[in-house]
Amino acid sequence: MDAMVVYHSKTGHSRKLALRAAQALAIQPVDIRDWKNPGRPVLVFIVSGVYGGKTAPEVLDFARSLAGSPVRAALITSCASGREEQKDLQAALKAAGVSLLMERFTCPGSFLFFRLGRPNRADCEAAAEFATRTAALYLTPQAG
């Protein structure tokens with residue numbers, strides 16, 4: 001498959017979402033800290049949280065590393081505050097020349113005692129469905 005699921009997780013929320021999305025696509029997710037540029041996929045799912053209204057620097061560095069590649073990016077986000085836009089990530093992807101898909105998946109994340117247990121099983125299943133549907137739309141079937 002010409003898709004990749006990369007994630008950055010401080011709390012484990014994004015990791016849960018990435019594992020389930022990657023499983024639905026029958027691929028292995030990659031922690032952004034372990035990414036070694038193994039080639040250029042057609043579609044990259046970037047799974048991350050929003051921390052204090054911002055995207056983690058590691059995720060922004062990853063976005064910048066995609067410069068010059070004809071890749072499309074889809075965002076899967078967990079966010080406790082409800083501010084899931086990740087404008088800084090969108091700007092980094094745009095500056096890198098990456099085509100950011102309008103379709104996005106966002107679910108609540110927990111913080112302290114707010115939204116405990118999120119993302120939950122239903123959130124993970126919804127992320128998997130989003131990944132499957134998005135891959136079907138943007139990836140051409142392999143001849144076999």
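The values are calculated or read from the model by the stated rules, or taken from the named source; none is laboratory data. All values derive from a computational prediction rather than experimental measurement. Note: ideal-geometry Cβ built from the backbone for every residue, glycine included; neighbour counts use all protein chains shown. Surface areas here come from the heavy atoms of the whole protein model, side chains and all, with no ligands, DNA or RNA. Shrake-Rupley method; radii C 1.70, N 1.55, O 1.52, S 1.80 Å.
Annotations for the structure displayed:
- Filtered residue count, the range 1-23, keeping only those that are of a type in the set (S, T, N, Q) and assigned to a helix (DSSP H, G or I): 2
- Which listed residue is in contact with a Leu (Cβ under 8 Å, 6 or more places away or on another chain) and not aliphatic (A, V, I, L, M), from Ser65, Ser78: Ser78
- Conditions (1) within 22 Å of Glu129 (Cα to Cα); (2) modelled with pLDDT of 85 or more: number failed by Glu84: (2)
- Between Val50, Val42, the distinction of being in contact with a Cys (Cβ under 9 Å, 6 or more places away or on another chain) and open to solvent by 10 Å² or more (accessible area, probe 1.4 Å) belongs to Val50 only.
- Of all residues in the range 87-125, those satisfying the criterion of being part of a loop (DSSP other than H, G, I, E, B), open to solvent by less than 40 Å² (accessible area, probe 1.4 Å) and at pLDDT below 80 are Gly109, Ser110.
- Candidate set from the range 53-70 (those that are in a helix (DSSP H, G or I) and open to solvent by 20 Å² or more (accessible area, probe 1.4 Å)); member that is farthest from Tyr138 (Cα to Cα): Pro57
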